[in-house]
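Step one of this worksheet: look at the structure below.
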Amino acid sequence: MKKLLLVALLSTLTACGSEDVFDNDDKDDKLKTISSVSFSATPSDINSPIYNFSSVYTVNDVEQSTDDMTFNWSVSLEGEGQVTSLYPEQAPQYEFKEAATYKVKLTVENHTGEALAQFSKNLTISAEDIATQPLSPRAIIGITDRATTVYTFNSDSSSYSEGSLSQIDWVIEGQELSGPQVTHSFSKTGQHIVHLKVTAEDNTQATTATTVYVADEITTPTAKLNYTKDKLVVSFDASESSNQSSDISSYNWDFGNGESATGITASATYPSEGPYNVVLTVASKEGVTNTKTETINVYEEGSYVTCDVLTSSSWLYKKTDERQCFSTSPITSRAAAESWCGARIQQYIDDLSFPRIKPTLTWQVRQQGNNEC
């Protein structure tokens, strides 16, 4: 009878969730302590993707104070691993964005980072839940400033369409902070998760988290530029430039035509056609610089395109094939030139009048001021 009762009890526990019991044995059975944690997950309404979590931590079945403890929540999908984390508090709220079966795991740690207990359970969010689309605030983390291990975060882009936000809370490295802008000095380098929770006047909440990489050594920034051309006018963008130890503080452009500019974006109007060497110089807050040089070709109108046959799969006809050259009227983009050349080469192969194995040909696009081969 006792065995049957034990089996029934274990079956009930498995259906509700999976609990890892931490046994702190002092080599004396009379002093043995068993730590455990569990949580409940309740939707805020019928068919709602917003869930309220509530956890209880016990030692030897006696509920304990959690003032000095950290609650680390992870949300995982089978085959993908962890996809997000909940706000690190005893009773967080979270809005699921996609229909799926999620595994939610809670790990309770003491102030030294030692894991005391774990508990996990599966939650199935249906398409009907997601379709409800309840009105809730938006929580967005921004970075105002950073220099090596010191970061300033802001919630400026967070909002709520139904009212104002009354409370803004952060958890960074276990430290609780509040306010629309907070500054934190990280105690160690590497990856860190920054948590933000915003609460509206009607008590609706939203949470988010972002990962930052903290470096305690000054790093060299990476300069990267992109551009778009409209005849002799070229627009430049350096937004993909980056640096680990601090933000990039300045962007300086040398357009190769005697003119220069500053800023993350810039534009230049060239006096005539031709190749120009554009130099982007970026500087970090610590004053470390790096440059990127790129040669661009500008044309007042679309340029003539010539495609030269380079190789053939057959050595016997190599000289014949590589003497072929095709040219056209002006084409304004590289993609259009590649497409045009490909069509001309295929037409050349299809029109071969004498029997031979169909050759495999490649070509080179030449951009020039006339259409002569």
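The values are calculated or read from the model by the stated rules, or taken from the named source; none is laboratory data. Predicted, not measured: the structure shown is a model, and the values here were computed from it. Glycine gets a Cβ as well: all are built from the backbone with ideal geometry, and neighbour counts include every protein chain shown.
Numbers for the structure displayed
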quantity: Top-ranked residue of the range 81-127 - restricted to ones that are among the aromatic types (Phe, Trp, Tyr) and within 22 Å of residue 197 (Cα to Cα), ranked as surrounded by the fewest Cβ atoms within 10 Å (Cβ to Cβ); calculated: 96
quantity: Any hit, the range 108-130, residues being touching a residue at least 40 places away in the same chain (Cβ under 8 Å) and within 21 Å of residue 244 (Cα to Cα); calculated: no
quantity: So residue 280, is it out of contact with any His (no Cβ under 9 Å at 6 or more places or on another chain), modelled with pLDDT of 95 or more and of a type in the set (A, V, I, L, M); calculated: yes
quantity: Residue match in the range 168-175 (condition: within 28 Å of residue 43 (Cβ to Cβ) and of a type in the set (D, E, K, R)); calculated: yes
quantity: Filtered residues of the range 33-78 (kept if acidic (Asp, Glu) and either touching a Ser or Thr at 6+ places or on another chain (Cβ under 6 Å) or not in a strand (DSSP E or B) (or both)); calculated: 45, 61, 67, 68, 78
quantity: Unmet requirement for residue 198, which otherwise passes all of (1) touching a residue at least 40 places away in the same chain (Cβ under 8 Å); (2) over 30 Å from residue 43 (Cβ atoms); (3) crowded, with 17+ Cβ neighbours inside 10 Å; calculated: (2)
quantity: Filter result (surrounded by 15 or more Cβ atoms within 10 Å (Cβ to Cβ) and modelled with pLDDT of 95 or more) within the range 265-275; calculated: 266, 267, 268
quantity: Those residues of the range 182-228 which are under 22 Å from the mean Cα position of the chain (by Cα) and of a type in the set (S, T, N, Q), in sequence order; calculated: 189, 191, 207, 208, 210, 211, 219, 220, 222, 226
quantity: Any hit, the range 276-288, residues being surrounded by 14 or more Cβ atoms within 10 Å (Cβ to Cβ) and farther than 30 Å from residue 143 by Cβ; calculated: yes
quantity: Any hit, the range 242-264, residues being in a strand (DSSP E or B), in contact (Cβ under 8 Å) with a residue 40 or more places away in the chain, hydrophobic (A, V, I, L, M, F, W, C) and under 25 Å from residue 284 (Cα atoms); calculated: no
quantity: Where a residue in the range 174-195 is not assigned by TED's automatic domain parsing to the domain that holds residue 71 and its partner, wherever it lies, is part of a loop (DSSP other than H, G, I, E, B) and surrounded by 15 or more Cβ atoms within 10 Å (Cβ to Cβ), with Cβ under 7 Å and at least six apart; calculated: 180/155; 185/149; 186/149; 189/215; 192/186; 194/141; 195/87; 195/88
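For (1) among the basic types (Lys, Arg); (2) surrounded by 16 or more Cβ atoms within 10 Å (Cβ to Cβ); (3) at pLDDT 95 or above; (4) in contact with a Gly (Cβ under 7 Å, 6 or more places away or on another chain), each residue gets a yes or a no:
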site	(1), (2), (3), (4)
135	no, no, no, no
138	yes, no, no, no
148	no, yes, no, no
167	no, no, yes, no
179	no, no, yes, no
182	no, yes, yes, no
190	no, no, no, no
217	no, no, no, no
